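Please treat every number below as a calculation from the coordinates, not as lab data. Fair warning: this is a prediction, and the values are worked out from it, not measured in the lab. Positions of Cβ are backbone-derived with ideal geometry, glycine not excepted, and every protein chain shown enters the neighbour counts.
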Amino acid sequence: MNILVIGLNHKTAPIEVREKVAFDGPKLGEAIKLLKGSHVVKESIILSTCNRVEIYAGVSDLDSGVEGIKGFLADFHKVQRDLLDRSLYIHKGADAIRHMYRVASSLDSMVVGEPQILGQLKDAFDLALENKTTGVILNKLMRKSVSVAKRIRTETKIAESAVSISFAAIELAKKIFDDLASKSFMLIGAGEMAELAAKHLINCGVQDVLVTNRTIARAEELAQEFHGKVVPFESFVNELQHTDIVICSTGAPHYILLKDQVHKTMKERKQKPMFIIDISVPRNIEPQINDLDNVYLYDVDSLQGIVETNIQERAKEADKAERIVDEEIGSFLQWTASLTATPTIVALRNKAEEIRKAEFEKTLKKLGPMEEEKIKAIEYLTISIVNKLIHPPTTVLKEENENRDELIAVIKKLYGINGEEE
Amino acid sequence: MQIETNVLLFELALTFYFIATISGIIEIFRGEKNTSKVTLYLSMAGFAFHTANIAIRYVEGGHIPVTNMHEATSFFSWCVLILFFVHEFKYKLGLLSSFIMPIVFLLMFSASIFPREIKALSPVLQSYWFGIHVVFAFLGDASFAMACGIGIMYLIQERNVKSKHLSMLFQKLPSLQTLDEINYHLVTLGFPLLTLSMITGVIWANSAWGTYWRWDPKEVWSLITWLVYALVLHLRLTSGWRGKKAAILSIIGFAIVIFAFFGVSIILKGRHVFM
């Protein structure tokens with residue numbers, strides 16, 4: 001049995017190709033049954049996310065397995081073979097194991113360290129289990145991938161710091177304030193990034209939400225979404241006295257909040273700290289506000305700067321993670337080795353024992369009646385000769401070896417064993 | 001024999017505090033994800049020896065061992081450790097030990113320089129006021145020492161957030177609000193303790209010498225310390241001197257405490273001079 005991974009991801013295929021090959025919704029269940037029925041593979045799992053489509057398979061022959069799976073993909077999605085050939089990557093054996101570990105631990109993701117992929121992989125595995133498309137090898141490999149991913153998450157900082165602007169803002173807020181749930185928050189304007197950050201804040205427990213916008217209708221819409229109160233745009237400055245976190249993103253071409261205004265507000269607040277995030281370009285909040293005590297002002301560039309440092313930090317941690325992956329591949333290979341070698345070893349032993357027994361009994365008959373002690377001595381002689389002869393091939397089989405499969409074939413041929421795999 | 005055991009216990013405590021300080025400093029620069037507990041365990045080991053040392057001195061002398069500079073300084077650092085453990089277990093502040101253990105070690109190291117003999121308390125001073133007065137005074141000073149350590153942590157974290165270059169310490173240090181609140185709470189603990197120690201001192205002085213206040217240098221500097229912390233609290237409550245300003249003030253305040261503690265006893269002599 002050989003392990004095979006065939007797939008494509010955001011690095012090898014553009015979105016136009018990925019969406020053609022994606023198994024979305026009910027298609028996935030259908031596909032996995034079809035693939036099982038086609039007898040191209042012995043075991044299989046299909047993973048389909050917006051960034052990757054991969055088939056993990058256990059096949060008896062690698063080359064025909066690759067052909068079979070490619071054919072299956074082309075037929076199922078009705079796409080050209082050459083289009084697939086251009087985008088697909090193929091990993092075999094140890095490389096396949098490495099790939100699976102890397103995918104599970106998010107080392108192969110667009111954003112290294114993002115946590116979703118592990119959940120998606122588990123879902124894919126659950127579906128495979130439901131349809132009984134996996135066996136000993138993939139079950140073990142999948143469980144191992146999950147544990148490798150967990151090990152990497154606890155031992156490295158790969159998923160530690162924020163790598164998106166909105167999460168970086170939350171991370172900062174958590175280091176300025178003790179407990180976000182008791183803080184109040186104002187959203188000035190709208191915009192994708194600002195709304196995302198607002199959502200994260202609310203997920204962190206912020207309840208007291210104020211929304212202001214030049215267009216009242218838009219403000220009301222957002223207030224409803226975030227369960228907040230609308231504040232008239234003309235007088236939002238008055239509300240700052242009770243606001244701990246401000247996210248600002250308007251299309252205004254000038255500053256809408258000045259240093260003097262915040263200076264006054266801070267006095268009214270008795271210097272209670274304030275965190276202001278200005279996502280607007282051009283900036284809407286006077287940058288010098290950051291010079292005031294207990295006010296922390298971040299603009300897009302400074303958040304971006306943090307995100308970039310964090311990404312570099314993650315890349316450094318990814319090296320550590322790759323080393324863990326390497327370590328873990330070894331242990332899995334050992335397991336598969338023992339798995340393939342064991343039946344042959346058992347068959348070899350049985351064969352030898354059979355011969356020994358037959359020859360021993362034949363000799364006993366020829367020799368006629370004898371003392372018990374002598375019989376025992378002869379039996380001992382046969383056993384030790386057989387053991388000595390069998391010992392070297394079994395040790396070689398047990399060891400991890402590149403040519404293990406060939407060796408197994410040779411031994412089977414030499415000793416005339418036609419045992420089944422597994 | 002007793003004395004030798006005692007010296008040994010002190011040296012062991014000092015050694016453990018030294019190793020804990022080094023381990024705490026390494027922890028600051030270690031790029032690992034989780035803060036290790038090594039520093040805490042080392043300081044606990046040192047604390048065990050230290051406690052034994054103080055207990056023996058207490059039994060030998062028959063009173064709280066603060067009658068010479070060696071004992072007083074050692075007792076001071078012991079009080080800081082008690083407050084440190086309380087805060088460590090209550091708030092689990094990342095890296096607290098890295099900032100407190102150096103203070104503890106430096107105090108303990110100063111203690112090791114002074115002569116170590118156990119002296120009897122002069123008859124004039126024998127009164128139950130003695131115990132009450134010194135416990136208030138030392139716990140008060142220990143609160144200010146903790147506030148200083150927390151203040152330094154605040155300033156580093158504040159620098160991180162203001163400068164927009166998040167150092168390795170950013171993740172490990174607690175939030176600004178947490179640090180500011182604990183700093184404030186330590187000052188509000190230290191200030192009444194200092195006040196109480198001054199009141200009990202005054203009453204005791206009257207019963208021992210017949211006068212309440214004699215402008216002895218220690219008394220003067222205690223008053224100065226008291227005024228400084230009164231100002232810290234006043235500014236915080238009225239003018240919102242919190243955060244960075246409060247952190248800086250708590251460091252300055254502790255510098256004055258240290259001067260009142262060592263400087264007054266060594267440079268300006270008075271009746272609080274122990275030797």
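How big is segment B:56-159 on each of its three principal axes, counting only the C-alpha atoms and giving the largest first in Å?
52, 27, 20
Give me the percent relative contact order of chain A, please, defined on Cα pairs under 8 angstrom at least 6 residues apart.
Here the relative contact order equals 12 percent.
Taking a cut-off of 16 Å between Cα atoms, list the aspartates and glutamates near A:Lys398, but don't count ones fewer than 8 places away on the same chain.
Candidates past the 8-residue exclusion: A:Glu406, A:Glu421, A:Glu422.
Tell me which of B:Asn53, B:His70, B:Val86 sits at the most positive position along the dipole axis of segment B:53-168, charges placed on C-beta atoms (Lys, Arg +1; Asp, Glu -1).
With unit charges placed on the Cβ atoms, the residue in question is B:Val86.
What ³J(HN,Hα) values, in whole Hz, does the Karplus curve 6.51 cos²θ - 1.76 cosθ + 1.60 give for segment B:247-264 when θ = phi - 60°, with x put for Gly and Pro?
Rounded to whole hertz, the list is 5, 5, 4, 6, 6, 4, x, 5, 4, 5, 4, 5, 5, 4, 6, 8, x, 5.
From zero up to wherever the largest Cα-Cα distance of segment A:330-415 sits, split into 10 Å bins and tell me the percent of pairs in each.
15, 39, 24, 15, 7, 1
Distance in nm between label sites at B:Lys37 and A:Lys320, each 7 Å beyond Cα in the beta-carbon direction?
2.0 nm
Can you compute the modelled spin-label distance between A:Leu129 and B:Thr5, with each label point 7 Å from Cα toward Cβ, in nm?
It works out to 6.2 nm between the two label points.
Evaluated at 20 °C with a viscosity of 1.002 mPa s, what Stokes-Einstein diffusion coefficient in µm²/s does segment B:139-275 have when Rh comes from the Kirkwood expression over alpha-carbon pairs?
Estimated diffusion coefficient is 133 µm²/s.
Determine the shielding of peptide B:171-178 by partner chains: average, over its residues, the number of Cβ atoms on other chains within 10 angstrom of each Cβ.
Per residue, the number of nearby Cβ atoms from other chains is 5 on average.
Arrange A:Met186, B:Met101 by Cβ neighbour counts within 10 Å, fewest through most, would you?
A:Met186, B:Met101
In whole Å, largest first, what are the principal axis extents of the Cα atoms in segment A:89-193?
Dimensions of segment A:89-193 along the principal axes of its Cα atoms: 54, 29, 27 Å.
Quick one: length gained pulling A:Glu353 to A:Thr382 fully straight, 0.36 nm per residue minus the C-alpha distance?
9.5 nm
Sort B:188-196, A:408-416 for me by packing, meaning the mean count of neighbouring Cβ atoms within 10 Å per residue, highest on top.
Descending mean neighbour count gives B:188-196, A:408-416.
Restricting to DSSP loop positions (anything but H, G, I, E, B) with no more than 16 other Cβ atoms inside 10 Å of their own Cβ, which trypsin sites (Lys or Arg not before Pro) remain in segment A:130-178?
Filter output for segment A:130-178: A:Lys132.
Can you list the equivalent-ellipsoid semi-axes of segment A:31-130, largest first and in whole Å, using the square root of 5 times each Cα gyration tensor eigenvalue?
Sorted largest first and rounded, they come to 22, 15, 14 Å.
Once you've got the GNM for chain A with C-alpha springs shorter than 10 Å, pick whichever of A:Ile279, A:Ile256, A:Ile188 has the biggest mean-square fluctuation.
Most flexible of the set in this elastic network: A:Ile256.
If the cut-off is 19 Å between C-alpha atoms, which aspartates and glutamates fall inside it for A:Lys316, apart from same-chain ones fewer than 8 positions away?
Of all the aspartates and glutamates, those that pass the test against A:Lys316 - Cα under 19 Å, at least 8 places apart if same chain - are A:Asp108, A:Glu114, A:Glu155, A:Glu160, A:Glu308, A:Asp326, A:Glu327, B:Glu32.
In whole Å, what three semi-axes, largest first, describe the equivalent ellipsoid of segment A:286-325 built from its Cα gyration tensor (square root of 5 times each eigenvalue)?
In descending order, the three semi-axes are 34, 9, 5 Å.
Which percent of Cα-Cα pairs in the protein assembly as shown sits in each 10 Å bin, short to long?
Using 10 Å bins, I get a P(r) of 3, 11, 15, 14, 14, 13, 11, 8, 6, 3, 1, 0, 0 for the protein assembly as shown.
With the Cα gyration tensor of segment A:165-303 giving a ≥ b ≥ c as the square roots of its eigenvalues, does the rule (a/c under 1.5 for rounded; else a/b larger than b/c for prolate; else oblate) give rounded, prolate or oblate?
Taking the square roots of the gyration eigenvalues as a ≥ b ≥ c, segment A:165-303 is rounded.
Loop only by DSSP, 15 or fewer other Cβ within 10 Å of the Cβ. Give me the GluC sites (Glu not before Pro) in segment B:1-71 that pass, ordered by residue number.
B:Glu32
Using the 10 angstrom Cβ neighbour count as an exposure proxy, how do B:Phe136, B:Phe18 rank, fewest first?
B:Phe18, B:Phe136
Could you pull the Cα extents of segment B:1-105 along its three principal axes, largest to smallest, in whole Å?
47, 24, 19
Classify chain B from the C-alpha gyration tensor, please: rounded if a/c falls under 1.5, else prolate or oblate depending on whether a/b exceeds b/c.
oblate
How large is the helix-only mean residue ellipticity at 222 nm for the protein assembly as shown, computed as the sum of -39500 (n - 2.57) over DSSP H runs with n ≥ 4, divided by its residue count, in deg cm²/dmol to the nearest 500?
Roughly -22000 deg cm²/dmol at 222 nm, from the helical runs in the protein assembly as shown.
What nm value, rounded to one decimal, do you get for the distance between A:Gln116 and B:His185 when each label is placed 7 Å out toward the C-beta?
Going from the A:Gln116 label point to the B:His185 one covers 4.0 nm.
What's the average, rounded to a whole number, of partner chain beta-carbon atoms within 10 Å of each residue's beta-carbon in A:169-177?
That works out to 4 on average.
From the cross-link list A:Lys11/A:Lys144; A:Lys27/A:Lys199; A:Lys157/B:Lys92, which pairs have alpha carbons spaced over 23 Å apart?
Flagged as over cut-off: A:Lys11/A:Lys144; A:Lys27/A:Lys199.
Averaged over its residues, how many other protein chain Cβ atoms are within 10 Å of peptide A:270-278's Cβ atoms?
Mean shielding by partner chains, rounded to a whole number: 3.
Place a +1 charge on the Cβ of each Lys and Arg in segment B:1-116 and a -1 charge on the Cβ of each Asp and Glu, then give the dipole magnitude about the Cα centre in debye, rounded to the nearest 20.
Dipole size: approximately 360 debye.
Just to verify a number: FRET efficiency for A:Glu373 and A:Ser338, C-beta to C-beta distance, R0 = 45 Å, to 0.05?
E between A:Glu373 and A:Ser338, to the nearest 0.05, is 0.70.
Express the C-alpha Rg of segment A:254-358 as a ratio against the empirical globular expectation 2.2 N^0.38 Å, rounded to two decimals.
2.55
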